[in-house]
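Undergrad: Right, I'll just put the structure down here and ask away after.
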Amino acid sequence: MSRDESPGSRKDSAKQLRIKLEGIHHITCITADAPRNVDFYARVLGLRMVKKTVNQDDPSVYHLFYADEQGSPGADLTFFEFPGVPVGRAGDGMVHRIAWRVASSDALDFWAQRLRDEGYESTRDGDRLRFTDFEGLGLELAVVDSSDAPLVAEHPEIPEELALQGFDGVRAYASDPERSRPLLEEALAFEPRDSDWEARGERRGSLYAYDSPPPQRGLQGAGTVHHVAWASHDEEHLAWRERVIAAGGHPTPVIDRFWFRSIYFREPSGVLFELATFSPGFAADEDLEHLGESLVLPPFLESRRAEIEARLTPVENPRVRSGSADRRG
């Protein structure tokens, strides 16, 4: 122990080092077509639409959330809709692929056929199936041996054992990923693996990896990832912010997103990170049985409901259309 280090301060430091992020909380992307987006992610991929709301920083546009049956962090894919925005292109400093877990090779066979029937081609690479959505967003299903609880949504056409089970990780483009290593490993406590990093806590974990970027400059637009959020325990949220600052990062203040609290910053390779809390969750303002069935607004926007609704393209949760009787028992 150094002369200036007290036993108490060393104990506090060790406590700080033990905190862990619980994998991916959610991933937010951009679409130009909310109705088609709902059809692809809720009907074709079988995710549950758990929240229909608006972008809190630009309430003229949708913010749509898809997840498992409970609306769990770790399965939550979200989209901002910017109608008419051109198709984007992932480049240096951007996430270019999102991977979900599935349980078996049979699941990959099922999804290859289901996607083909819907007009989407896929590529099989061992225990992985790669494809894109209708706007070119890179997606992957991976057979993963994990003890993490499967995060599954109910769907009348998709057997539970074949359904998507939550995020496995994301891949980003980076011209110099070593720039990010200190922040990932020291500040955020990601564990290095063979060719990637893992953020793993007591509940679950997710992978973060880099690939060499294409020569073309990235363009944010439809079919691109806006940011990736990592799950923080509520009581550790401020400690994570202090760690990012100590590592030279520039996080925002804590922002209340009503369903969770958020901190944003760019990691050194350019990817926009968010740290999001588990609480209060999507059932804070809707009954769990009826998540995503109507437009909900955070309290500070409720007085503008008529104005906001008039600007949005109507979209319907497929569960409202089909009725609860069509779901699996």
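Each row is one residue, and each column tells you yes or no for (1) under 23 Å from ASN37 (Cβ atoms); (2) under 17 Å from the mean Cα position of the chain (by Cα).
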position: LEU151; (1), (2): yes, yes
position: ARG171; (1), (2): yes, yes
position: LEU183; (1), (2): no, no
position: ASP194; (1), (2): no, no
position: ARG203; (1), (2): no, yes
position: PRO214; (1), (2): no, no
position: LEU219; (1), (2): yes, no
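Undergrad: Another question, if that's okay. Listed residues GLU202, GLU178, GLU185, GLU198; which is in a strand (DSSP E or B) and out of contact with any helix residue (DSSP H, G or I) (no Cβ under 8 Å at 6 or more places or on another chain)?
TA: Only one candidate qualifies: GLU198.
Undergrad: (1) in contact with a strand residue (DSSP E or B) (Cβ under 9 Å, 6 or more places away or on another chain); (2) buried (at least 19 other Cβ atoms within 10 Å of the Cβ); (3) not acidic (Asp, Glu): which one isn't true of VAL152, the others all being true?
TA: So the condition that VAL152 fails would be (1).
Undergrad: Within the stretch 104-119, take every residue that is without any contact (Cβ under 8 Å) to a residue 40 or more places away in the chain and touching a strand residue (DSSP E or B) at 6+ places or on another chain (Cβ under 7 Å) and give me the one that is nearest to PHE40 (Cα to Cα).
TA: The residue in question is ALA112.
Undergrad: For the stretch 146-175, give me the residue count where each residue is under 16 Å from ARG266 (Cα atoms) and either among the acidic types (Asp, Glu) or not in a loop (DSSP other than H, G, I, E, B) (or both).
TA: Final tally of qualifying residues: 4.
Undergrad: To continue, here is another question. Can you tell which of ARG101, ARG130 is in a strand (DSSP E or B), free of Cβ contacts under 8 Å to residues at least 60 places away in the same chain and not acidic (Asp, Glu)?
TA: On the way: ARG101 fails: free of Cβ contacts under 8 Å to residues at least 60 places away in the same chain.
None of the other options fit; the residue is ARG130.
One line per residue, one yes/no per condition, for (1) under 24 Å from ALA42 (Cβ atoms); (2) out of contact with any Leu (no Cβ under 7 Å at 6 or more places or on another chain):
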{"site": "SER232", "(1), (2)": "no, no"}
{"site": "ALA239", "(1), (2)": "no, yes"}
{"site": "PRO253", "(1), (2)": "no, yes"}
{"site": "PRO280", "(1), (2)": "yes, yes"}
{"site": "VAL296", "(1), (2)": "yes, yes"}
{"site": "GLU309", "(1), (2)": "yes, no"}
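Undergrad: Filter the stretch 249-270 for residues that are polar (S, T, N, Q), buried (at least 18 other Cβ atoms within 10 Å of the Cβ) and out of contact with any helix residue (DSSP H, G or I) (no Cβ under 6 Å at 6 or more places or on another chain) and give the result.
TA: Residue satisfying the conditions is SER262 alone.
Undergrad: What's the total number of residues in the stretch 26-47 that are touching an Asp or Glu at 6+ places or on another chain (Cβ under 7 Å), within 24 Å of PHE300 (Cα to Cα) and either surrounded by fewer than 20 Cβ atoms within 10 Å (Cβ to Cβ) or not small (Gly, Ala, Ser) (or both)?
TA: So the answer is 1.
Undergrad: Let me ask something else about it. When residues of the stretch 155-169 are filtered for being more than 16 Å from the chain's Cα centre (by Cα) and crowded, with 19+ Cβ neighbours inside 10 Å, how many remain?
TA: Result for the stretch 155-169: 4.
Undergrad: Mind checking which residues of the stretch 235-265 are in contact (Cβ under 8 Å) with a residue 40 or more places away in the chain, not in a helix (DSSP H, G or I) and not small (Gly, Ala, Ser)?
TA: Result: ARG257, PHE258, TRP259, PHE260.
Undergrad: Within the stretch 19-45, how many residues are among the basic types (Lys, Arg) and more than 22 Å from SER147 (Cβ to Cβ)?
TA: Here the count works out to 2.
Undergrad: Next up: Give ALA246, ALA283 a once-over and let me know the one that is hydrophobic (A, V, I, L, M, F, W, C), under 19 Å from the mean Cα position of the chain (by Cα) and surrounded by fewer than 16 Cβ atoms within 10 Å (Cβ to Cβ).
TA: Values: ALA246 fails: under 19 Å from the mean Cα position of the chain (by Cα).
Being hydrophobic (A, V, I, L, M, F, W, C), under 19 Å from the mean Cα position of the chain (by Cα) and surrounded by fewer than 16 Cβ atoms within 10 Å (Cβ to Cβ) holds for just one of ALA246, ALA283, which is ALA283.
Undergrad: Given the conditions (1) more than 30 Å from GLU286 (Cα to Cα); (2) not in a strand (DSSP E or B); (3) not aromatic (Phe, Trp, Tyr), and given that ALA209 satisfies all but one, which numbered condition is not satisfied?
TA: Status for ALA209: all satisfied but (2).
Undergrad: Filter the stretch 131-149 for residues that are over 18 Å from the mean Cα position of the chain (by Cα) and among the small types (Gly, Ala, Ser); which is nearest to VAL102 (Cα to Cα)?
TA: SER146
Undergrad: When you check SER279 against the structure, is it at pLDDT 90 or above and either out of contact with any Gly (no Cβ under 9 Å at 6 or more places or on another chain) or outside any loop (DSSP other than H, G, I, E, B) (or both), yes or no? Before you say what the answer is, go through the steps one by one.
TA: Working: at pLDDT 90 or above: yes; either out of contact with any Gly (no Cβ under 9 Å at 6 or more places or on another chain) or outside any loop (DSSP other than H, G, I, E, B) (or both): yes.
Considered against the rule, which asks whether it is at pLDDT 90 or above and either out of contact with any Gly (no Cβ under 9 Å at 6 or more places or on another chain) or outside any loop (DSSP other than H, G, I, E, B) (or both), SER279 comes out as yes.
Undergrad: Would it be correct to say that ARG203 is basic (Lys, Arg) and under 24 Å from PRO86 (Cβ atoms)?
TA: The answer is no for ARG203.
Undergrad: Report whether or not PHE300 is at positive phi and either in a helix (DSSP H, G or I) or among the aromatic types (Phe, Trp, Tyr) (or both).
TA: Criteria not met by PHE300.
Undergrad: Mind checking whether some residue in the stretch 105-117 is crowded, with 17+ Cβ neighbours inside 10 Å and in a loop (DSSP other than H, G, I, E, B)?
TA: Within the stretch 105-117, not a single residue is crowded, with 17+ Cβ neighbours inside 10 Å and in a loop (DSSP other than H, G, I, E, B).
The values are calculated or read from the model by the stated rules, or taken from the named source; none is laboratory data. Just so it is clear, the structure is predicted and the values come from calculations on it, not from any experiment. Note that each Cβ is placed from the backbone with ideal geometry, even for glycine, and that neighbours are counted across all protein chains shown.
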